[in-house]
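Colleague: Before anything else, here's the structure in question.
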Amino acid sequence: MRGKIFGYIRVSTQEQNIERQLIALEPFKIPDKNLYIDTQSGKDFNRPAYRKLIQRLRRDDLLIIKAIDRLGRNYKDIIEQWRYITSKKGADIKVLDMPLLDTTYYKDLLGTFISDLALQVLSFTAQSERDLLRQRQAEGIIAAKTRGIVFGRTPLALPANFPELFLRWRKGELSTNEITTLCGVSRSTLYHKTKTLRSSE
């Protein structure tokens, strides 16, 4: 008799919608208590929901995911986790976007070979896409900087008489509240600016 059915969903940020993955898993009638969702990067498997899921998986259970990149992004780690779940845990995995990655269908030696081969190709593709995205982002930042685009917040401008105010503050003639009000900055900005000023003295 088959064990329990589990589902795993992962999105990288709070802004991403899990609806598409939920709809894909809906036909399998997975109980809410067996559905695990992480809002976290897939760079590794140190995710709270995933760790709880792995602890609950038993022999003959079935884990369903929509796509292999929902499991993870790192090629070697995906292979390692796949083998841990299927070999050590004795559970099955079904990847909905790739029918070849369904261990419930392939129990013989040829089926295992086909499944492992497909897994390695797809895992490699997932990691390659991730690496390519990083490369494009880095190239985009370099190109933007070349055009003079500045990243990050614009530094707050201090009044022209800040050195004079700073000396008065250091002598105790001005309180911290007074100097921050006169300069229009927060305490943390004031301390950062004064630290820079002191180091240049």
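The values are calculated or read from the model by the stated rules, or taken from the named source; none is laboratory data. Small disclaimer: the values here were computed from a predicted structure and weren't measured. Here Cβ is always computed from backbone atoms with ideal geometry, including for glycine, and neighbour counts include all displayed protein chains.
Colleague: Considering only the stretch 19-33, state which residues are crowded, with 17+ Cβ neighbours inside 10 Å and of a type outside the set (Gly, Ala, Ser).
Modeller: Taking the stretch 19-33 and keeping what is crowded, with 17+ Cβ neighbours inside 10 Å, we get 21, 24-25, 30.
Hits for the stretch 19-33 are Gln21, Leu25, Ile30.
Listed here are the residues, each with its yes/no results for (1) under 18 Å from Gln120 (Cα atoms); (2) charged (D, E, K, R).
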position	(1), (2)
Gln16	no, no
Lys29	no, yes
Asp69	yes, yes
Leu96	yes, no
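Colleague: Does Ile141 fit the bill of being outside the structural domain of Pro99 (by TED's automatic domain parsing), at pLDDT 80 or above and among the aliphatic types (A, V, I, L, M)?
Modeller: For Ile141, the condition - outside the structural domain of Pro99 (by TED's automatic domain parsing), at pLDDT 80 or above and among the aliphatic types (A, V, I, L, M) - is not met.
Colleague: Let me ask another. Does Lys94 satisfy the criteria of being over 25 Å from Leu133 (Cα atoms) and in contact with a Ser or Thr (Cβ under 8 Å, 6 or more places away or on another chain)?
Modeller: yes
Colleague: A further question on this structure: If a residue must be more than 14 Å from the chain's Cα centre (by Cα) and closer than 12 Å to Leu63 by Cα, how many such residues does the stretch 3-31 contain?
Modeller: 9
Colleague: Filter the stretch 19-47 down to residues that are in contact with a strand residue (DSSP E or B) (Cβ under 8 Å, 6 or more places away or on another chain) and within 25 Å of Glu129 (Cβ to Cβ), then give me how many there are.
Modeller: 10
Every residue, every condition in (1) over 24 Å from Tyr105 (Cα atoms); (2) in a helix (DSSP H, G or I); (3) modelled with pLDDT under 95, yes or no:
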site: Met1; (1), (2), (3): no, no, yes
site: Asn17; (1), (2), (3): yes, no, yes
site: Leu22; (1), (2), (3): no, yes, yes
site: Asp38; (1), (2), (3): yes, no, yes
site: Asp44; (1), (2), (3): yes, no, yes
site: Lys52; (1), (2), (3): yes, yes, no
site: Leu63; (1), (2), (3): no, no, no
site: Arg70; (1), (2), (3): no, yes, yes
site: Ile79; (1), (2), (3): no, yes, yes
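Colleague: If you scan the stretch 71-86, which residues turn out to be charged (D, E, K, R) and buried (at least 20 other Cβ atoms within 10 Å of the Cβ)?
Modeller: Arg73
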